[in-house]
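Notes for the one structure printed next.
The values are calculated or read from the model by the stated rules, or taken from the named source; none is laboratory data. What you see is a predicted model, and the numbers here were worked out from it, not measured in a lab. In this analysis, Cβ positions are derived from the backbone assuming ideal geometry, glycine residues included, and neighbour counts consider all displayed protein chains.
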Amino acid sequence: MSQQVQRTVRAEDKSFPAGAVGRDITALELPLAEFSTPLLVLDEQAIAHNLQVMAAWTGERGLELMPHGKTTMAPVLWRRQLAAGATGITVATGWQADVALRAGVPTVQIANTCTDPALLRRLAAHLAAHPEQELVCWADSPATIDLLDEALPPDARLGVLVELGAEGGRTGARTAADVLSLAERVAASPALVLRGVAGYEGALAHDRSEEALRVVGAYCDQLAALVDRVRPLVSGTPWVTAGGSAYFDVVAASFAGLADVRAILRSGAYIVHDSGFYRGISPLDATRGVEDEQALHAGMRGYARVVSMPEPGLALLDAGKRDLPFDEGLPVPLGVSRTLGGPERPLAGEVTALNDQHTFLRLGDEEPLRIGDVVSLGLSHPCTAFDKWRLIPILDTTSGLVHEAVETFF
């Protein structure tokens, strides 16, 4: 994989200290107290733990992992995932695929259809210059295959997975017969290479109720059954891929009986997990009864300062929608300290709303919060946390130092 181009801290990097400007982001050695708020921080120990947990979990089940890189859009974290055993990186758009290919990712999967002719030609040109890399995208209609054939040169060698959808779901051909017909079309194309079948179960349910798990399981069983039906058309070992970060245990159960197949999970949020949505739905959270050593740990946290206490029981913090995720649950107060990175005490309160640059924190009657206090916040949904920051510090919780920072590409 290609080496990361040297990046130094810039004055425009949000919340980084002035004294860090010009330093290489891989050699910072900064105490957290030197940073400003609002701030998003990653946890070095939690990330390392989560990488090991997911590698062990997939390995024990004979599954490959091509984690969804759009979660972080951070090549430095993709490198860690690949080093931990991932066989490729998944993305969502042609532009993201271009970033991943230029970063040297050996196998890039677009869990989507790219229908932009200019992007397709750009990706094909990269593949022609880098035969050691592979790109695979999804298709769910004859019109998509026609577009790919028209946009790409005959020797493009673009891999294609035919996508199975579900009634009321997202994209994807709605019947197994449609999937097989599309597979035949792809196999006959001079520019395309049929790799197998793909799908996304996460759009079919939003909790772990018995009915949700039944619906997801039935869909995953149908996807698994399609592999043998397309096998005669596939060059090499066929792929079957599913698995967001909520139901990968259900996917694993459906794929368990498959032989001579590349069974690939795409879960991406596991690398930092969260304190909200995924904590409540992931099969590897401690709330599911998983032992701590095998459970995913929350690896991201927000920090914000109290800037106003205009009425009893209300504090306004200096972080908002521009800084913290809010689409899958509001931040959760974890603790409070007088200084960033200082000793914390528990905080009795609840976040009730976020504005662009403010967090509304409702307090318990006896909560002795003060102007300038620093509140630590558990966050929900890493996909919409990373995209708000160009540069994110990674805190070594053992030493209390930020040794390096992660650059994102959104």
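Could you say which residue among Ile110, Ile145, Ile89 is β-branched (Val, Ile, Thr), assigned by TED's automatic domain parsing to the domain that holds Glu184 and farther than 30 Å from His381 by Cβ? Steps first, answer last, please.
On the way: Ile110 fails: farther than 30 Å from His381 by Cβ; Ile89 fails: farther than 30 Å from His381 by Cβ.
Only one candidate qualifies: Ile145.
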| field | Criterion violated by Gln3 - all others in (1) surrounded by 13 or more Cβ atoms within 10 Å (Cβ to Cβ); (2) at pLDDT below 95; (3) not β-branched (Val, Ile, Thr) satisfied | value | (1)
| note | Residue set Ala103, Ala27, Ala11; condition assigned by TED's automatic domain parsing to the domain that holds Pro331, over 30 Å from Glu293 (Cβ atoms) and not charged (D, E, K, R); output residue Ala27
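Could you tell me whether any residue of the stretch 226-235 is closer than 27 Å to His381 by Cβ and surrounded by 17 or more Cβ atoms within 10 Å (Cβ to Cβ)? Please lay out each step first, then the result.
Quick first cut of the stretch 226-235, residues closer than 27 Å to His381 by Cβ only: none.
So far as the stretch 226-235 goes, no, none of its residues is closer than 27 Å to His381 by Cβ and surrounded by 17 or more Cβ atoms within 10 Å (Cβ to Cβ).
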| Mind checking whether some residue in the stretch 200-209 is basic (Lys, Arg), part of a helix (DSSP H, G or I) and more than 25 Å from Leu127 (Cβ to Cβ)? | no
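Within the stretch 44-65, is even one residue β-branched (Val, Ile, Thr), within 18 Å of Ala405 (Cα to Cα) and in contact (Cβ under 8 Å) with a residue 12 or more places away in the chain? Full working, then the answer.
Step one: of the stretch 44-65, the residues β-branched (Val, Ile, Thr) are 47, 53, 58.
With within 18 Å of Ala405 (Cα to Cα) added as a condition, the list becomes 47.
With in contact (Cβ under 8 Å) with a residue 12 or more places away in the chain added as a condition, the list becomes 47.
Yes: one or more hits.
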| note | The strands (runs of 3 or more DSSP E) lying entirely within the stretch 278-368 that contain at least 2 residues which are in contact (Cβ under 8 Å) with a residue 40 or more places away in the chain are 300-311, 314-317, 332-337, 359-363
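Does Gly196 satisfy the criteria of being assigned by TED's automatic domain parsing to the domain that holds Pro106 and crowded, with 17+ Cβ neighbours inside 10 Å? Steps first, please.
On the way: assigned by TED's automatic domain parsing to the domain that holds Pro106: yes; crowded, with 17+ Cβ neighbours inside 10 Å: yes.
So Gly196 fits the description; yes.
How many residues, within the stretch 220-259, are among the small types (Gly, Ala, Ser), outside any helix (DSSP H, G or I) and over 15 Å from Glu64 (Cα atoms)?
Of the stretch 220-259, the ones among the small types (Gly, Ala, Ser) are 224-225, 235-236, 242-246, 252-254, 256-257, 259.
Of the ones still in play, those that are also outside any helix (DSSP H, G or I) are 235-236, 242-246, 256-257, 259.
Then keep just the ones that are over 15 Å from Glu64 (Cα atoms); that gives 235-236, 246.
Count: 3.
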| field | Criterion violated by Thr175 - all others in (1) in contact (Cβ under 8 Å) with a residue 24 or more places away in the chain; (2) surrounded by fewer than 16 Cβ atoms within 10 Å (Cβ to Cβ); (3) touching a Leu at 6+ places or on another chain (Cβ under 9 Å) satisfied | value | (1)
| task | Check whether at least one residue in the stretch 209-223 is out of contact with any Gly (no Cβ under 8 Å at 6 or more places or on another chain), over 15 Å from Asn112 (Cβ atoms) and at pLDDT below 95, and report yes or no. | result | no
| query | Within the bounds of the stretch 392-410, is there any residue that is at pLDDT 95 or above, within 28 Å of Asp207 (Cβ to Cβ) and small (Gly, Ala, Ser)? | reply | no
| request: Tell me, please, whether a residue that is among the charged types (D, E, K, R) and under 25 Å from Thr237 (Cβ atoms) can be found in the stretch 133-145. | output: yes
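Under the condition of being basic (Lys, Arg) and under 17 Å from Tyr270 (Cα atoms), which residue from the stretch 66-120 is surrounded by the fewest Cβ atoms within 10 Å (Cβ to Cβ)?
At the first step, the residues of the stretch 66-120 found to be basic (Lys, Arg) are 70, 79-80, 102.
When the remaining residues are screened for being under 17 Å from Tyr270 (Cα atoms), the result is 70, 79-80.
Values: Lys70: 22, Arg79: 19, Arg80: 17.
The selected residue is Arg80.
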| remark: Those residues of the stretch 189-226 which are under 15 Å from Asp249 (Cβ atoms), of a type in the set (Gly, Ala, Ser) and in contact (Cβ under 8 Å) with a residue 24 or more places away in the chain amount to Gly202, Ala205, Gly217, Ala224
| remark: Listed by range, strands (runs of 3 or more DSSP E) wholly within the stretch 80-161 having at least 2 residues that are of a type in the set (Val, Ile, Thr) are 89-91, 107-110
| request: Return only the number of the condition from (1) in a loop (DSSP other than H, G, I, E, B); (2) buried (at least 20 other Cβ atoms within 10 Å of the Cβ); (3) among the β-branched types (Val, Ile, Thr) that Thr37 does not satisfy. | output: (2)
| said: With the structure loaded, tell me whether Thr339 is exposed (fewer than 15 other Cβ atoms within 10 Å of the Cβ), among the hydroxyl-bearing types (Ser, Thr, Tyr) and within 20 Å of Pro368 (Cβ to Cβ) or whether it fails that test. | reply: yes
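Tell me yes or no: at least one residue of the stretch 360-370 is aromatic (Phe, Trp, Tyr) and over 19 Å from Val41 (Cβ atoms). Can you show your working first?
At the first step, the residues of the stretch 360-370 found to be aromatic (Phe, Trp, Tyr) are 360.
Those still in the list that are over 19 Å from Val41 (Cβ atoms) too: 360.
The answer is yes; a qualifying residue exists.
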